[in-house]
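The values are calculated or read from the model by the stated rules, or taken from the named source; none is laboratory data. Because the structure is predicted, anything quoted here is derived from the model rather than measured. No Cβ is skipped: glycine too gets one built from the backbone with ideal geometry, and neighbour counts run over all protein chains shown. We work out accessible area using only protein heavy atoms, side chains counted, and drop any ligands, DNA or RNA first. Shrake-Rupley method; radii C 1.70, N 1.55, O 1.52, S 1.80 Å.
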Amino acid sequence: MQLELLNEQGQAASKVEAPETVFGREFNEDLVHQLVTAYRANARQGTRAQKDREQVRHTTAKPFKQKGTGRARAGMSSSPLWRGGGRIFPNLPEENFAQKINKKMYRAGMASILSQLAREGRLAVVESLKLDTPKTKVLADKFKAMNVASTSVLVIADEIDENLYLASRNLKNVFVVEPRYADPVSLVHYKKVLVTKGAIDKLKEMFA
């Protein structure tokens, strides 16, 4: 399979060989949905804490007598049925939201996303994105010349030097990562994905 290699002006200058197993797969919507859901669930933290009826601060005295009031009987005001009472199944900080995705499914799902991005024209290959100076304006002008400045951009670079890191961190719609840190949520979220030529081989090693 061949992908277009863009020049500094965002025009297709030539072709670059890309592995069919990574950029030529059929789109598996169910697998991608499961992959994105599991990734977001695994990043979730148990930060909520609720109290059960033993932990709430309420008197243990019987609210009113058992019979003769016409009301339903009640033993204590900490009952989950009462306002301010304890929860029946309280959320705890140690709650685990993790979902397991095996390596074969993860590789297939990532390759399916990359293949669909290539078919939709949202994925492009560039020679490199090395900068001589850590200036945000230099990188912004480069994206502007490539006609991607008006959209969100995910850059997958084989090597991220200090200049590229410092220049990209002030651009709110730009995210620069190495191939090993590329995740399914970012691939789906960003409108345009730029992959450096050197990162193609690394993606092949990871997902082929």
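Take the Cα gyration tensor of segment 127-182, multiply each eigenvalue by 5, square-root it, and list the three semi-axes largest first, rounded to whole angstrom.
The three semi-axes for segment 127-182 are 16, 13, 10 Å.
Using the charge dipole of the chain (Lys, Arg: +1 at Cβ; Asp, Glu: -1 at Cβ; taken about the Cα centre), state which of A74, I88, I113 has its Cα farthest towards the positive end.
Ranked along the dipole, the leading option is A74.
Order 52-63, 140-151 from most to least packed using the mean count of other Cβ atoms within 10 Å.
Averaged packing, sorted descending, gives the order 140-151, 52-63.
Taking all protein chains as present, what is the carbon and sulfur share of the accessible area of segment 9-136, in % to the nearest whole number, probe 1.4 Å?
Here carbon and sulfur together make up 48 percent of the probe-accessible area.
Determine the per residue accessible area of segment 1-104 with all protein chains present and a 1.4 angstrom probe, expressed in square angstrom.
Value returned for segment 1-104: 79 Å² of accessible area per residue.
Report the GluC sites (Glu not before Pro) located in segment 95-139 that are in a DSSP loop and have at most 14 other Cβ atoms inside 10 Å of their Cβ, or state none.
Hits after loop and neighbour filter: E95.
Can you give the Rg to Rh ratio for segment 53-110, taking only C-alpha atoms and Rh from Kirkwood?
My calculation puts Rg/Rh at 1.43.
Ranking request for peptides 64-76, 35-47: highest mean number of other beta-carbon atoms within 10 Å first, then the rest in descending order.
The peptides rank, most packed first, as 35-47, 64-76.
How long are the three semi-axes of the equivalent ellipsoid for segment 1-118, computed from the Cα gyration tensor as the root of 5 times each eigenvalue, in whole Å, largest first?
Output for segment 1-118: semi-axes of 60, 14, 12 Å.
Karplus couplings for segment 123-138 from phi (6.51 cos²θ - 1.76 cosθ + 1.60, θ = phi - 60°), rounded to Hz, Gly and Pro as x?
Those phi angles translate into 10, 9, 10, 10, 4, 6, 10, 7, 10, 7, 9, x, 10, 5, 4, 5 Hz.
Nearest 20 debye, what's the magnitude of the dipole of segment 69-208 about its Cα centre given +1 on Lys and Arg Cβ and -1 on Asp and Glu Cβ?
760
Scale the Cα Rg of the chain by the rule-of-thumb value 2.2 N^0.38 Å and send over the ratio, two decimals.
So the chain has a normalised radius of gyration of 1.59.
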